[in-house]
Structure formats: structure tokens, C-alpha cells
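Let me begin by presenting the structure, written as C-alpha cells, before commenting on it.
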Amino acid sequence: MKNIDYFVRNEKEAALVAMVERLAEVFAGRAAKHDLEGSFPFDNIAGLKEAGYLKLTVPKKYGGDEISLYEMVLAQERLARGDGSTALAVGWHIGLVHHYRYTRDWPEELFERFCRDVVAEGAMINHFSSEPKTGSPTRGGRPETVVEETEGGWLITGRKSFSTLSPALDQFIVSAYMADEDEVGLFFVRKQDGVSIEETWNTIGMRATGSHDVLLDHVFVPSDALLRKKSETKSDGDGWLLHIPACYLGIAYAARDFAVNYAQNYRPNSLPGPIAELPHIESQIGIMEEKLITARTLLYSVADRWDKHPDQRIALQPERALAKKVATNTALEIVDAAMRIVGGASLSRSLPLERWYRDVRAGLHNPPMDDSVLKLLAKRALLES
Ligand SMILES: Cc1cc2nc3c(=O)[nH]c(=O)nc-3n(C[C@H](O)[C@H](O)[C@H](O)COP(=O)(O)OP(=O)(O)OC[C@H]3O[C@@H](n4cnc5c(N)ncnc54)[C@H](O)[C@@H]3O)c2cc1C
């Protein structure tokens, strides 16, 4: 029986999904090598560029496809079924372009120029906000990266950690402390002398995201490189962050497919048929389905509401955060169940399950973190009563 995905609602989405599935299939063939080597998937990035994936969220008026949040989630989830690291890395880029398409938190001229570079040359972007001493920027710590004013602009100095996509970027956004104003600014920085990458990313999972440390040593940026002061940034309810749960559910989906297929085809000689006929295996498959359907339903319903109700985007933040918490925790459980189904063979490096098991672990440490989500939900409940 053919697998029908009820979250694909129309021909446009079906065409998008088909395009991404072709990429995911190719990337799946390279994933084990990049994971083993911890190498950055430049080959996949070239494939994404060629397929037009990098411009999916760019506004139409600047030459992009201007896809919706729902469509972005669909694309990201499909891509992650092939390779989680590539999906997470490119997710920051297409997610941020989607985000700025709504907030226009950049000088418009700079945003237009960047968007046109995405379309013409495959330019990409990411935010480098985490730091060794500040931890997650979501906690509100002050960046140790600092700016000093100079003629015609600023000089930026500091170290950013977890800088995903850094090997492929010619420009990025950094948060830095402006001591004169006691403010945090977001600066658009082009790769240049004074910017270097220290290859620190050697982790248990998401090994091919290139999330190294980026060092800035008195890097000059012109006056118009200040996108916004943090206190002045506009909010769109951060719907774009749904690229994160989409990624981890995509990985879980791949594990589910693998385990179901394995159960249907593995016939140990102690049994008359495949292990799929055993009650305890059927039960594990049921558990995977229950979790996957629940998490996907929440994820897609939040993305759909975000698209359809602009006036509710801020109010939707607790649900948006919950969709991430449910997806990332569920992904851990689904990969775990998939490995229980496959048994001891699941530990082998010749199968992808052990990689997926390691990759989904990283989801816990992408924003928003579980404790913040619970706090957000509790806060609203208390306000409502
Ligand atoms: C695969 C991957 C890709 C990433 N890509 C990027 C990227 O592209 N750009 C980027 O900027 N970042 C990126 N990050 C970094 C991420 O956003 C977090 O900054 C990072 O994972 C550290 O988060 P943390 O909660 O462990 O760190 P910390 O904030 O150092 O927290 C460590 C521990 O202390 C607790 N803690 C610390 N401070 C507080 C507090 N004030 N209140 C409550 N609890 C606290 C936390 O709960 C946690 O248990 C990436 C992370 C991963 C795993």
C-alpha cells in the first residue's frame, strides 16, 4: 500500500515535496561518510543551490519563491529524512530569510541586496549568537563579543560557538555588546580578514553541520551593518524556528520507515514469517505511529495557524514552542523504538539507526529548551486563570 501523507494538501506542496525527496535520496547516500569524517557537506549545499532550495523563502519581488511557513516545514522535514545535518544547517538559512521577510528587521536596501545574492549566487546566512561564556542566547546573557565605534562603522571582537553552516558562509549575523549604549546589537558581517573559524565541532551527533567556533578580531563593519538593536527587534512570533522540530521529526520518520521495512523483511529461522508478525514488534510499530502522528499533527497545525492568522502569531508562541518540545522528545522515543524493533543489528555502523540515535539527541539543545517551554505554558495558564 502506498504511503499517503495527509499533510501534503495540494499540487504545489506535492511538487515541492517531490523535488526535496529527490535531493534527500542523494544526500542519504552521503550522510554516513560526512558523519564519520565530521566533514561539512559542501556537495549537498551545491545540490541545494542548483535545485533552487536556497531561495525558497525569499520574497517573490526579489526573485524567490516566497513559500509559506507550512511549506517550509514540509520541505525541511523531507530533507531531514535524507540527512539531518544538512537539513538543520540549511534550515537556519531558509528559516532566517523567512523570519526577516516578515519582520523586515534589516535596512530594506541591504535585505534586497542579500536576497538577490541568494537568488543569483546561492548566498546563505545564519545567526551566530551562542558563546562559550554566555551559553544559549535565549537565556538573556550579555554577549562577550564587543563592538567599538570607529570612523565610518564599528570594530567587532569576540568568539561565537555553535556556528552552524560557518564553513559555507560568506556573511553572517552576530550579536555584540555596545558598551556605550549598554545595548546588544545585531550586525551583518562579511567574511574578511580578522574572521576565522576554529574547527571545534566534534560532537556525538549532527556532526556534519559545521557548527564550529567563529572568531572575530577587530573586524570592521560599516555603519549600515547594524541591523537592529536587540531592544528594537520586531517579533513575528518566531514561526521560523519550526524548522528545528521539522528537522528532528524528519530524522525520526526515516528511522520509522527503516524499522518497519526491516520488520517486514527480517525472517530469522526460528520463525515461520517476518518479525513484523510478532505481537511485541507490532506493538513497537504502533508506538512509533502514535508518537509520529501526534507530533506531526501538532507541528503542522501550528504552522498552518501561523500562516493563516497573522494577528495570532505572537499569541501562538507557547504552541509554537510546545511543537518543538514535543517533536524533539518524540524523535528520541521513535528512534529508540525503531532500534528496539531492529534489535542488536541497530547498533552497527553499517546501518543508519545509530547515527539517527545520536543526531536526534542534539534537538534537546536547540531553542527553545524544554524548561523554557514549560515556563511559557505555565505563565500563560496562570495569566488566564
Ligand atoms: C546542532 C546545534 C546547532 C546549533 N546551531 C547554532 C547556531 O547556528 N547559532 C547559534 O547561535 N547557536 C547554535 N546552537 C547553540 C544553541 O542555540 C545553544 O546555545 C547551545 O546548545 C547551548 O545551549 P545550552 O542550553 O546547553 O547552554 P547553556 O545556556 O550554557 O546552558 C547549560 C545548562 O545550564 C542551564 N542554564 C544555563 N543558564 C540558564 C538560565 N539562565 N536559566 C535556566 N537554565 C540555565 C541549561 O538549562 C543547561 O542545562 C546550536 C546547537 C546545536 C546543538
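Odds and ends about this structure:
- Residue within the stretch 146-164 that is within 11 Å of the ligand (Cβ to nearest atom), assigned by TED's automatic domain parsing to the domain that holds Leu56 and out of contact with any strand residue (DSSP E or B) (no Cβ under 7 Å at 6 or more places or on another chain) present: no
- Checked across the stretch 6-14, the condition of being of a type in the set (Val, Ile, Thr), within 27 Å of Asn261 (Cβ to Cβ) and assigned to a loop (DSSP other than H, G, I, E, B) holds for at least one residue.
- Filtering the stretch 77-114 to residues that are farther than 23 Å from Pro167 by Cβ, modelled with pLDDT of 95 or more and of a type in the set (Phe, Trp, Tyr) leaves Tyr102, Phe111.
- Filter pass, Val147 being crowded, with 20+ Cβ neighbours inside 10 Å and within 20 Å of Leu96 (Cβ to Cβ): no
- Residue count for the stretch 357-385, restricted to those that are outside any helix (DSSP H, G or I) and either within 15 Å of the ligand (Cβ to nearest atom) or within 24 Å of Gly95 (Cα to Cα) (or both): 4
- Matching residues in the stretch 185-223 - criterion: being in contact with a strand residue (DSSP E or B) (Cβ under 8 Å, 6 or more places away or on another chain), of a type in the set (S, T, N, Q) and away from the ligand (no atom under 11 Å from the Cβ): Gln192, Ser196, Thr200, Ser223
- The residues of the stretch 192-222 that are in contact (Cβ under 8 Å) with a residue 60 or more places away in the chain and surrounded by fewer than 17 Cβ atoms within 10 Å (Cβ to Cβ), listed by number, are Asn202, Thr203, Ile204, Asp217, His218, Pro222.
- For the stretch 71-102, residues that are acidic (Asp, Glu) and either within 16 Å of the ligand (Cβ to nearest atom) or in contact with a strand residue (DSSP E or B) (Cβ under 9 Å, 6 or more places away or on another chain) (or both) total 1.
- Of all residues making up the stretch 169-184, the number that are away from the ligand (no atom under 12 Å from the Cβ) and either surrounded by fewer than 23 Cβ atoms within 10 Å (Cβ to Cβ) or under 24 Å from Ala46 (Cβ atoms) (or both): 10
The values are calculated or read from the model by the stated rules, or taken from the named source; none is laboratory data. Computed from a predicted structure; not experimentally measured. So basically every Cβ, Gly included, is an ideal-geometry build from the backbone, and we count neighbours across all protein chains shown.
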